[in-house]
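First up is the structure itself, then whatever we jot down about it.
Throughout, read-outs are computed from the coordinates displayed, never taken from laboratory work. Computed from a prediction, not measured in an experiment: that's the story for all the values here. No Cβ is skipped: glycine too gets one built from the backbone with ideal geometry, and neighbour counts run over all protein chains shown.
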Amino acid sequence: MTGPAADVSCRVAWADDAPAIARVQLATRRTDLGGLLPPEVLDVAPEEAAEAWRETLTRPPDGRVRVLVALERNRVTGFAITSPALDPDCDPVADAELMELTVDPDARGLGHGSRLLQAGVDTMVADRFRRAVLWATADDDALRRFLTDAGWAPDGAHRELDLDGSGTTTVKQVRLHTLLTDP
């Protein structure tokens, strides 16, 4: 006999999720980028971040941009964004991008990332994409290991991302990819 199953799931985000998504995003940035960015860049008002998310959720820039949330009971524990890939060497009809895969630092290691990744892949397949790409920080070994264990692999592309717009705070990224459908 087994005990009760955990109340966890993933679904498409609603506009009412904006404050919770903003909370997860701000907490994650402080944890993951706190050593890279000055405090004033990380000190975003939660209401301002929530309003930006509300705008994204109600008026996405493309009809194939999807925001998914991971839930534990009714609490948002993470989010993912899927969209057509915009890199010049990608085909925006065939290639999708997992633009973000974020799990609340206090909820990591509980399966939310795996559920979000699978929900993102399912969403990209439903949107008829054939391949997916994701940019990861080059030194984020945990994320890269998580993705490679799930079947993603580096495709040789790399870039340097300017985090604060000044050119002084940059991070190197590598692109990973996976096939969503059989060739």
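Some observations on this one:
- Cα→Cβ-extended label distance, 7 Å offset, between Asp106 and Thr148, nm: 3.3
- Cα centroid separation, region 52-124 to region 13-49: 16 Å.
- When Val44, Val24 are sorted by how many other C-beta atoms sit within 10 angstrom of their C-beta, beginning with the fewest, the order is Val44, Val24.
- Highest-fluctuation residue, Val69, Val133, Val171 considered, GNM on the chain with Cα pairs under 10 Å: Val171
- Highest-MSF residue in the chain out of Gly78, Gly151, Gly167 [GNM, Cα springs under 10 Å]: Gly167
- In this Cβ point-charge picture (+1 for Lys and Arg, -1 for Asp and Glu), region 8-132 has a dipole of about 520 debye about its Cα centre.
- With contacts taken as Cα pairs under 8 Å at a separation of at least 6 residues, the chain carries a relative contact order of 19 percent.
- Ellipticity estimate at 222 nm from DSSP helix runs (n ≥ 4, -39,500 (n - 2.57)) divided over the chain, nearest 500: -9500 deg cm²/dmol
- Sorting the Cα pairs of region 100-182 by distance into bins of 10 Å, from 0 upward, gives 16, 44, 32, 8, 0 percent per bin.
- Think of the chain as a dipole: +1 on every Lys or Arg Cβ, -1 on every Asp or Glu Cβ, centred on the Cα centre; then among Pro61, Phe129, His158, Phe129 lies furthest on the positive end.
- Taking a ≥ b ≥ c as the square roots of the eigenvalues of the alpha carbon gyration tensor, region 61-150 is oblate, as a/c is not under 1.5 and a/b does not beat b/c.
- Positive-end residue, region 62-183 charge dipole about Cα centroid, Cβ charges, pick of Asn74, Leu86, Thr169: Asn74
- Model label points for Thr31 and Asp162, set 7 angstrom from Cα along the Cα-to-Cβ axis, are 3.0 nm apart.
- Of Leu36, Leu71, Leu26, the residue with the greatest mean-square motion in the GNM of the chain, using alpha carbon springs below 10 Å, is Leu36.
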